[in-house]
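A short worksheet on the structure shown next.
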Amino acid sequence: ILISPVTLFVINSQIENELQLRFDPATEVSINITQRPDAQRNLIIIYLESLERTYGGLPATKAAYAPIQTLAANSTEATNLHQIFGTSYTIAGIVASQCGVPLLSSGLRGVFFNKRTKESLDTLLPSVTCLGDVLAQDGYTLSYLNGADLNRFSKRGFLTSHGYSRLLGSGDVSPDIMNGRSNPFGMNDALLFEYVYDEYDHLAAQTNPFALSMLTIATHGPDAFLDNDCKADNTADTQLPAAIACTAKHVNDFISYVRATPAGQHTDILVLSDHLALVNTLEDELGATERRNLFFINSNSPPEMISRQTTMLDIYPTLLENMGYTLQNGQANLGHSMFNPTENLLERFGPDGVEKLLNGNRTLAEPLWRRSPPVSSPHLSLPTSFLVWSYVLPCLSITRQYN
């Protein structure tokens, strides 16, 4: 009973701590663009599934990760990007990096959304001003591609709610095309990148500025999903090094291609992990070290290393400022630009304080899910029987053990 997800949710959401009581979402979640860039830059965002920066220091993956490390060293790199509550799985990482807010539970729905059920919402955080909203308002064409189904974890609902108009997922690709080039989630990365090259060429040929986002799959746990042309090491205990090496090659080749085109000369390329790796064949090695997410922006700017403590929330304002936008206090919602000296959440409250602030914070969560103007809340209406059985079933289990 005590470890029931309903019990834990009720405790966290009904008993607000001091930090939550002093934190006012009305003033803390805000974005004020004081100046827009004279020359609009294109943007490419490459999310690398579970490919955290930590792999660069592990003996098993150091060599495979080296090409990514070289790219990062010639870019603007954040070396101390922490993972915080509400950013630890794919859609949460995407939301945090593009909206500057964590994906917090709104009502009991969140208990199961955060458990990675196959949830598909028509809209996600409609009252929040995200990266796509800003860029779409400024005339950008926004595109997103990934190998999995876009309806999984409400990616389609999120993207269409926030300015994206061109979308491609596994559900949009013919089974004949994916035949022999698929994995349990959808299409392999090699096939995905073929679509990405085509999409880049299409966008680069247009007159409007563009933002192209994509998400890979190969480095997903528990032991990677290799392309047909990505050589596996059948003698190894883990295939993650092979997957990292192949992903690094895809990324290097694509960035080189972009830089060789006219549009690539005024394009910023962000490469980052969507979240820290979950359970996989290198979890013991990862767990024995200090873990950090991957983040670097490859652009025309001189290389720069940012060592301050940051989170995924800080990526959104950092991107805008890197593209030439000026933000009041360097802030975009709960994120603070890495280029601005204003304290971010992690510097302000510390890791434990951020956990206390966000975990179960219904005062912060509810406005994020509210439609604008406010209408009926999108909370899931769960039948009373569910609430009953969430307590009855553990009781029955305990009773059986003692009978």
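Select from segment 210-229 the residues that are over 19 Å from ALA148 (Cα atoms) and buried (at least 21 other Cβ atoms within 10 Å of the Cβ) and list them in ascending order.
First, pick out the residues of segment 210-229 that are over 19 Å from ALA148 (Cα atoms): 210-211, 229.
Result: PHE210, ALA211.
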If we keep only residues of segment 91-110 that are modelled with pLDDT of 95 or more and among the polar types (S, T, N, Q), then the residue nearest to HIS275 (Cα to Cα) is SER97
Among all residue pairs at least 6 apart or on different chains, which show Cβ distances below 8 Å where the first residue, located in segment 225-251, is within 18 Å of ILE68 (Cα to Cα) and the second is at pLDDT below 95 and aromatic (Phe, Trp, Tyr)? none
If you go through segment 255-266 one residue at a time, do you hit one that is open to solvent by 70 Å² or more (accessible area, probe 1.4 Å), touching a strand residue (DSSP E or B) at 6+ places or on another chain (Cβ under 8 Å) and farther than 23 Å from GLY93 by Cβ? yes
Selected residue (criterion: surrounded by the fewest Cβ atoms within 10 Å (Cβ to Cβ)) from residues of segment 272-293 that are among the β-branched types (Val, Ile, Thr) and farther than 20 Å from GLN309 by Cβ: VAL279
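So that you can scan it fast, the table gives a plain yes or no per residue for (1) closer than 23 Å to GLU304 by Cβ; (2) surrounded by fewer than 21 Cβ atoms within 10 Å (Cβ to Cβ); (3) of a type outside the set (Lys, Arg); (4) in contact (Cβ under 8 Å) with a residue 12 or more places away in the chain:
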position	(1), (2), (3), (4)
GLU18	no, yes, yes, no
LEU21	no, yes, yes, no
ILE44	yes, no, yes, yes
SER50	no, no, yes, yes
LYS62	no, yes, no, no
PRO67	yes, yes, yes, yes
ASN74	yes, yes, yes, yes
THR79	yes, yes, yes, yes
PHE85	no, yes, yes, yes
Would you pick out the residues in segment 307-350 that are open to solvent by less than 10 Å² (accessible area, probe 1.4 Å), without any contact (Cβ under 8 Å) to a residue 60 or more places away in the chain and assigned to a loop (DSSP other than H, G, I, E, B)? SER337, ASN344
Hey, can you tell me all the residues within segment 180-194 that are at pLDDT 95 or above and more than 13 Å from ILE217 (Cβ to Cβ)? GLU194
Filter segment 143-177 down to residues that are aliphatic (A, V, I, L, M), open to solvent by 20 Å² or more (accessible area, probe 1.4 Å) and in contact with a Leu (Cβ under 7 Å, 6 or more places away or on another chain), then give me how many there are. 2
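The values are calculated or read from the model by the stated rules, or taken from the named source; none is laboratory data. Remember, it's a predicted structure, so these values are computed and weren't measured experimentally. Note that we place each Cβ from the backbone using ideal geometry, even for glycine, and neighbour counts take in every protein chain shown. Calculation scope for accessible area: heavy atoms of the full protein, side chains included, ligands and nucleic acids excluded. Shrake-Rupley method; radii C 1.70, N 1.55, O 1.52, S 1.80 Å.
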